[in-house]
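The values are calculated or read from the model by the stated rules, or taken from the named source; none is laboratory data. These numbers come from a predicted model, not from an experiment. Positions of Cβ are backbone-derived with ideal geometry, glycine not excepted, and every protein chain shown enters the neighbour counts. Quick note on the areas: whole protein, heavy atoms, side chains included, nothing else; ligands and nucleic acids left out. Shrake-Rupley method; radii C 1.70, N 1.55, O 1.52, S 1.80 Å.
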Amino acid sequence: MTDVTPELYLRVTQLLETYGRLIDEDRLEAWAELFTPDCRYEIISRENRDQGLPLSLMLCDSRDMLDDRIYSLRNANIFNIHSDCHVLGPARVEPDAAGLGVSAAYSLFQTNQGGETRLFSVGRYHFRLIERDGTLMIQSAQVVVDTGAILTLLATPI
Amino acid sequence: MTDVTPELYLRVTQLLETYGRLIDEDRLEAWAELFTPDCRYEIISRENRDQGLPLSLMLCDSRDMLDDRIYSLRNANIFNIHSDCHVLGPARVEPDAAGLGVSAAYSLFQTNQGGETRLFSVGRYHFRLIERDGTLMIQSAQVVVDTGAILTLLATPI
Amino acid sequence: MTDVTPELYLRVTQLLETYGRLIDEDRLEAWAELFTPDCRYEIISRENRDQGLPLSLMLCDSRDMLDDRIYSLRNANIFNIHSDCHVLGPARVEPDAAGLGVSAAYSLFQTNQGGETRLFSVGRYHFRLIERDGTLMIQSAQVVVDTGAILTLLATPI
């Protein structure tokens, strides 16, 4: 990991911070712009991942599909039923020839309209990042969730 | 955000770390010293902030008022009824002509005298920082809490 | 804290990230390799620490003892009964003549085999780090846990 300079680490940290904040601010359209056109976004349980089962809780295999998903969310739900708060741990950064492997633990708290907050999900992000026109973008994001007792009607991204 | 160097980001991170730690260590007098004399410290619910309502859960509009508040706390409570643990996410740093805009998500856990820990509050800090004699100080801190089901008898800062 | 460069802070952050991740991935043997041969690893409640009581929840005063502990864990438990997720806050780094004093708040979430996640422990790491052959290693780790209502049959490290 000798190739990771403070400058690179800062850029990755800023991307992770932006990722969580845009979801928390319900700016999902801006959040989707962090991804490349040929991106992949997947939420999978730790159990299924460890057992090599391909069953995802959510899977979008292009930016268009991600946009569609967000468009559906906007039209299916008349008003916001919860607000998110992401608290992320420090990043692990592994550069290779094709880009960057990045992972970070996350905790996600949700607050309902009554102002009650609960722990919604914990787990780890596994990102592949590439540079496009001087900007770090997400080529693939695999969200491995520890918490299996999650709503199957999972609406918003994690 | 091209102006944010690793050096600047480190200084902001250290300030945020100190902010949370001094509260956790119950060193509120030292915590207040992070603020400028003309500071503003406010805790407001996300709901009120989004609706533009000026109703705060706590508001101190000077360093003196902050000191008074802490003095009251020390004399009102004979012993500490809980201990805090702040876990902060990565910072967002936006420099401008007047100083720095900084925000970060936080989770705050409280443990009672029986040793039971509960999630007390999650939300986001919005700080304005300025440099005074080579030190970054907090000119204003707005704590936007997601968790509305908070004690109105809120005692210690968040 | 003027001696803390972004390069040093990054190295410490990477060590903390590795510490939490290796436990979360159940790679305890690799986790133990972060420690020096003459290391000390202790879990102590905040209450006992504040009162100067020497009672630890877990104490290993050498790398061998840490290895033994992990060996016992592997043979006592046929399968893993929970998975961990560590979310760490930013580090405090204090260099001195002998090495580095490092501390960081942590939150630790555990998920059982039914996929239910609960807050298991919050508190603060207090590490002494030294450099050996160009690598930062843990000479002593004191985990001060806020949460006292912890299992006395505490199995895995925090």
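A few comments on the model shown:
- Projected onto planes of every orientation and averaged, the convex hull of the alpha-carbon atoms in the protein assembly as shown covers 23.4 nm².
- Rounded to the nearest whole Hz, the Karplus-based 3J(HN,Hα) values (6.51 cos²θ - 1.76 cosθ + 1.60, θ = phi - 60°) of the range C:101-113 follow the sequence x, 10, 9, 7, 6, 9, 10, 10, 10, 10, 10, 8, 5, with x at glycine and proline.
- A:Ala30 paired with C:Ile130, simple spin-label distance in nm, labels 7 Å along Cα-to-beta-carbon: 4.9
- Check: the protein assembly as shown dipole with +1 on Lys, Arg Cβ and -1 on Asp, Glu Cβ, in debye: 740
- Taking label points 7 Å from Cα along the Cα-to-Cβ direction, A:Asn48 and B:Leu73 give a separation of 4.5 nm.
- Accessible area per residue for chain B is 46 Å², calculated with a 1.4 Å probe on protein heavy atoms, without ligands, DNA or RNA.
- Highest GNM mean-square fluctuation among C:Asn48, C:Asn112, C:Asn75, for chain C modelled with Cα contacts below 10 Å: C:Asn75.
- Once the Cα gyration tensor of the range A:15-56 is diagonalised, semi-axes √(5λ) in Å: 25, 13, 8
- Using alpha-carbon coordinates, inclination of helix C:6-24 to the longest axis of chain C, degrees: 10
- When DSSP beta bridges are restricted to pairs lying wholly in the protein assembly as shown, around 85% turn out antiparallel.
- Accessible area buried by the pairing of B and A, both sides summed with a 1.4 Å probe, works out to roughly 1800 Å².
- Under Karplus coefficients 6.51, -1.76 and 1.60, residue-wise ³J(HN,Hα) of the range B:131-147 in Hz, glycine/proline x: 9, 10, 6, x, 10, 6, 10, 8, 8, 8, 10, 10, 9, 9, 9, 5, 6
- Among C:Gln139, C:Gln113, C:Gln14: highest mean-square fluctuation, GNM of chain C, C-alpha pairs under 10 Å: C:Gln113
- Protein accessible area in the range A:1-122, 1.4 Å probe - carbon and sulfur %: 50
- Counted charge near B:Thr111, where neighbours are those whose Cβ lies closer than 13 Å (Asp, Glu -1; Lys, Arg +1): -4
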